[in-house]
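K.L.:
If you scroll down you'll find the structure; I have some questions about it.
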Amino acid sequence: MASAQRRSSVLPGIATQPPPVILIVDDEEHVRDPVVAVFEEAGFEVLEAGSGMAAIMLLRQRPHLDALFTDIVMPSAPDGFRLAEIIHATSPACAILLTSDAVCPVLQTMNTRMRFVPKPYDGDHVLALVRALMRSVAAAPPVPPASWWRYGSATSPRQ
């Protein structure tokens, strides 16, 4: 009974079985750990990675994701932008939330499947954003990967 209550708290009003899977990627463990705890407490199955490459390795073992929460700036390739592109190409129904304290994506490049939250953030706010994105994704028609993303950001030299 506790697990049924836990699942129903993930997305109130939407039946989900098994629990949704989220991948949380941040190279700073002290930043990643608290948000991992928030999602685990909310009933999500949480996968976590400390780099884009570690995330890709996880995806080879576990290709299904309902949501991605990733830092944009990481010390090794791929960065959060490229990771989001890769995940969208393989899982177009995945909700994507990007974060950074150094880069802000061009808002026109985002669609109903993607949002940005600046660091520092509150874990409960991130949870609410991911839930809203997952609802949006469930209600929206698929978006082809080619038209979904223009690589770069408003404050990044990659424009």
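The values are calculated or read from the model by the stated rules, or taken from the named source; none is laboratory data. Given the structure is predicted, the values throughout are model-derived calculations rather than measurements. Cβ coordinates were reconstructed from backbone atoms using ideal geometry, including for glycine residues, and neighbour counts include every protein chain displayed. Heavy atoms of the whole protein, side chains included, go into the accessibility calculation; ligands, DNA and RNA do not. Shrake-Rupley method; radii C 1.70, N 1.55, O 1.52, S 1.80 Å.
K.L.:
When the Karplus curve 6.51 cos²θ - 1.76 cosθ + 1.60 is applied with θ = phi - 60°, which whole-Hz ³J(HN,Hα) does each residue of the stretch 121-130 get, with x for Gly and Pro?
P.N.:
10, 9, x, 5, 5, 4, 4, 4, 5, 5
K.L.:
Count the net charge of all other residues whose Cβ sits under 14 Å from the Cβ of Gly123, scoring Lys and Arg as +1 and Asp and Glu as -1.
P.N.:
On the way: positive: Arg32, Lys119, Arg131; negative: Asp26, Asp33, Glu40, Glu41, Glu48, Asp122, Asp124.
Spelling it out: positives minus negatives among the neighbours equals -4.
K.L.:
Quick query: amide H of Ala95 versus all other amide H atoms, modeled in the peptide plane; which residues come in under 5 Å with a sequence gap of 5 or more or a different chain?
P.N.:
Correct list: Ala67, Leu68.
K.L.:
Which parts of the stretch 77-103 would a label at Glu45 reach, counting a residue when its backbone N lies under 19 Å from a point 7 Å out along Cα-to-Cβ?
P.N.:
Under 19 Å, as judged by backbone N against the label point of Glu45, lie 87-88, 90-96 of the stretch 77-103.
K.L.:
Something else: Express in nm, to one decimal, how much length is gained between Ala54 and Lys119 on full extension, taking 0.36 nm for each residue of separation and deducting their alpha carbon distance.
P.N.:
Details: separation 65, 0.36 × 65 = 23.40 nm, distance 2.17 nm.
Stretched fully, the Ala54-Lys119 segment lengthens by 21.2 nm.
K.L.:
Residue separation times 0.36 nm, minus the C-alpha to C-alpha distance between Arg135 and Glu28: what's the value?
P.N.:
Details: separation 107, 0.36 × 107 = 38.52 nm, distance 2.86 nm.
Result for the pair: 35.7 nm of gain on full extension.
K.L.:
Work out the FRET efficiency for Arg62 and Cys104 from their Cβ-Cβ distance, taking R0 = 25 Å, and round it to the nearest 0.05. Each step should come with its number before you reach the end.
P.N.:
Details: r = 30 Å, r/R0 = 1.19.
Computed FRET efficiency for Arg62 and Cys104: 0.25.
K.L.:
How many Å² of accessible area per residue for the stretch 19-116, probe 1.4 Å? Present the calculation step by step, with values, prior to reporting the outcome.
P.N.:
Details: 3940 Å² over 98 residues.
I get 40 Å² per residue for the stretch 19-116.
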